[in-house]
Each structure stands twice: as structure tokens, then as C-alpha cells.
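Report on the following structure.
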Amino acid sequence: MKKFLAILVITLSGCATSVPIIPPFPDVPETLMKACPDLKLVKDGTTKLSEVLSTVTDNYHQYYDCKSQVDDWIEWYKTQKGIFNKIK
């Protein structure tokens with residue numbers, strides 16, 4: 001009976017210690033993990049201004065899409081980091 005009580009006391013005292021549980025940082029959504037595509041280049045020997053303007057316009061559009069994606073990534077990260085730090 002004494003051995004049983006000794007084992008019970010040791011077992012229960014082990015449960016009394018608290019082990020900090022740190023949750024993992026959340027995974028990044030796939031939509032925010034896409035890399036920005038390379039900008040288009042004007043073909044060598046192009047003499048038409050319309051082709052140059054078309055390429056420049058496409059690059060501006062592509063840049064602002066990528067900028068929006070990076071801005072979303074920064075906002076997501078700051079929000080998640082704030083939540084994560086509050087949990088600790």
C-alpha cells in the first residue's frame with residue numbers, strides 16, 4: 001500500500017508542473033506565396049511606338065498586381081504576428 005501511495009504521489013506531483021505550450025505560427029496562404037512574374041521586355045528591333053507602349057502598360061499592370069500581393073502579405077504577417085505574440 002505504501003508503494004502504491006508513493007507512486008501515486010510521484011505521478012500526481014509530475015502533473016502539477018506546467019509545461020509551456022507554444023502554438024506553431026500559422027501557415028501562409030498559398031495565394032500570398034506566389035512569386036511575382038518577370039517584367040516583359042521590348043523585342044529587339046521594335047520600331048513601333050505602339051508595341052513599346054503596350055509592353056510598358058503591361059509592365060505597369062503587372063507591377064501594381066505584384067505590389068498589391070506584397071502589401072497583402074505584409075498585412076497578413078503583421079496581423080498574425082500580433083495574434084501570435086498575444087498568445088505567449
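The values are calculated or read from the model by the stated rules, or taken from the named source; none is laboratory data. Since this is a predicted model, take the numbers as computed values, not measurements. All Cβ positions, glycine included, derive from the backbone under ideal geometry; neighbour counts span all protein chains shown.
Looking for something at pLDDT below 90, under 31 Å from the mean Cα position of the chain (by Cα) and not in a helix (DSSP H, G or I) - is there at least one such residue anywhere in region 4-19? Steps first, please.
So in region 4-19, the residues at pLDDT below 90 come out as 4-19.
With the extra rule that they be under 31 Å from the mean Cα position of the chain (by Cα), the set shrinks to 18-19.
This time we only want the ones that are not in a helix (DSSP H, G or I), so: 18-19.
Yes: region 4-19 contains one or more residues that are at pLDDT below 90, under 31 Å from the mean Cα position of the chain (by Cα) and not in a helix (DSSP H, G or I).
Filter region 32-57 for residues that are in a helix (DSSP H, G or I) and among the small types (Gly, Ala, Ser) and give the result.
50, 54, listed by residue number.
Are any residues in region 31-52 farther than 30 Å from residue 21 by Cβ and surrounded by 11 or more Cβ atoms within 10 Å (Cβ to Cβ), and if so, which ones?
In the first step, residues of region 31-52 are kept if they are farther than 30 Å from residue 21 by Cβ; the result is 34-52.
Within region 31-52, 36, 39, 40, 42, 46, 51, 52 meet the criteria.
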